[in-house]
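Comments concern the structure below.
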Amino acid sequence: MDFLEGEILCFDKPLHWTSFNVVSKIRGHLCRRLGVKRLKVGHAGTLDPLATGVMVVCTGRATKRIDELQAHVKEYVATLQLGATTPCFDLEKPIDCTYPTEHITETLVREALTRFIGHIEQVPPVFSACKVDGHRAYDLARKGREVELKPKLLVIDEIELLDFNQEAMQASIRVVCSKGTYIRALARDIGIALESGAHLISLRRTRVGNVHVEDCMKVEDFPAWLDKQDIVQNAIA
């Protein structure tokens with residue numbers, strides 16, 4: 001393998017890891033194995049710490065393909081807690097408001113989901129990597145600053161209800177969507193469509209383009225896998 005010329009690696013991001021954590025860990029293993037101090041490594045699409053699943057990592061000159069790879073269609077499986085919201089729309093922050101759920105039925109959830117198929121406008125979460133006046137929105141939000149983000153046009157190709165637990169008031173959905181879709185924001189908007197509230201309690205990216213999560217390597221398995229590879233020596237000279 002030629003990691004300087006460029007390789008594309010696919011990992012199943014662990015829970016609680018940031019995308020930066022994954023890239024840093026992979027870069028560290030590669031640099032030690034190759035005997036170099038520096039190697040360009042990047043990822044094609046951020047996953048939140050509380051999300052798991054497909055993360056595409058590029059090395060060397062393959063990092064030039066990151067924009068191309070980020071543009072691929074993505075698939076997610078998410079579980080929503082209905083009737084409550086959090087400031088970041090997932091479990092990173094505690095519940096800040098609760099809403100009635102007595103009127104919510106499986107039929108109502110299925111009907112609400114149909115409203116999000118096709119081209120939609122979505123306001124990103126304030127706890128996101130979107131930039132506002134040169135600053136990351138999450139940095140401003142964590143400092144207590146008011147953050148106003150503009151809606152973005154995106155595409156949801158498919159959205160499907162996988163399971164609805166009436167007693168727990170939880171809905172599991174599968175979403176196939178374009179680059180730039182925030183599933184946390186989608187959860188927020190589904191809650192509003194149900195005349196209630198909602199936030200994510202689990203999120204797994206199951207596909208990026210043609211790469212399925214079943215095809216991905218565990219981060220902890222990478223060193224053993226790397227030891228078995230034939231490395232192009234002149235790439236690290």
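Check which residues have an amide H placed less than 5 Å from Asp90's amide H, if you skip close sequence neighbours.
Leu200
Cα centroids of the stretch 161-237 and the stretch 37-105: how far apart, whole angstrom?
6
Averaged across orientations, what area in nm² does the convex hull of the alpha carbons in the stretch 11-84 project? Walk me through the intermediate numbers first.
On the way: hull surface 23.7 nm².
Value for the stretch 11-84: 5.9 nm².
Where a ≥ b ≥ c are the square roots of the eigenvalues of the C-alpha gyration tensor, would you call the chain rounded, which needs a/c under 1.5, or, failing that, prolate if a/b is larger than b/c, or oblate? It would help to have the intermediate numbers written out before the result.
Details: a/c = 2.30, a/b = 1.92, b/c = 1.20.
It comes out prolate by the Cα gyration axes.
Which order do peptides 72-80, 2-10, 157-165 fall in by mean Cβ count within 10 Å, highest first? Don't skip to the answer; put the middle values down first.
Details: 72-80: 20.8, 2-10: 17.9, 157-165: 13.9.
Result, highest mean Cβ count within 10 Å first: 72-80, 2-10, 157-165.
Count the net charge of all other residues whose Cβ sits under 13 Å from the Cβ of Gly118, scoring Lys and Arg as +1 and Asp and Glu as -1.
Values: positive: Arg115; negative: Glu121, Asp157, Glu158.
Spelling it out: positives minus negatives among the neighbours equals -2.
Taking 30 Å as R0, compute the FRET efficiency from the Cβ-Cβ separation of Asp221 and Ser172 and round it to 0.05. Please report the intermediate quantities before stating the final value.
Working: r = 28 Å, r/R0 = 0.92.
Taking R0 as 30 Å, the efficiency between Asp221 and Ser172 is 0.60.
Can you give me the angle between helix 183-193 and the longest principal axis of the chain, using Cα atoms only, in degrees from 0 to 90, rounded to the nearest 10?
The helix 183-193 is inclined about 10 degrees to the chain.
Could you put Asp67, Asp48 in order, starting from the residue whose Cβ has the fewest other Cβ atoms within 10 Å?
The fewest-first ordering by Cβ neighbours comes to Asp67, Asp48.
Looking at the chain as a GNM with Cα springs under 10 Å, which of Pro49, Pro100, Pro125 has the largest mean-square fluctuation?
Taking springs between Cα atoms under 10 Å, the residue moving most is Pro100.
What angle do you read, to the nearest 10 degrees and between 0 and 90, between the alpha-carbon axis of helix 19-34 and the longest principal axis of the chain?
Taking Cα atoms only, the helix is inclined about 10 degrees.
All of the numbers you see were taken from the coordinates with simple rules; none came from a lab. Just so we're clear, the structure is a prediction, and the values are computed from it rather than from any experiment. Cβ sites come from the backbone with ideal geometry, for glycine too, and all protein chains shown count toward neighbours.
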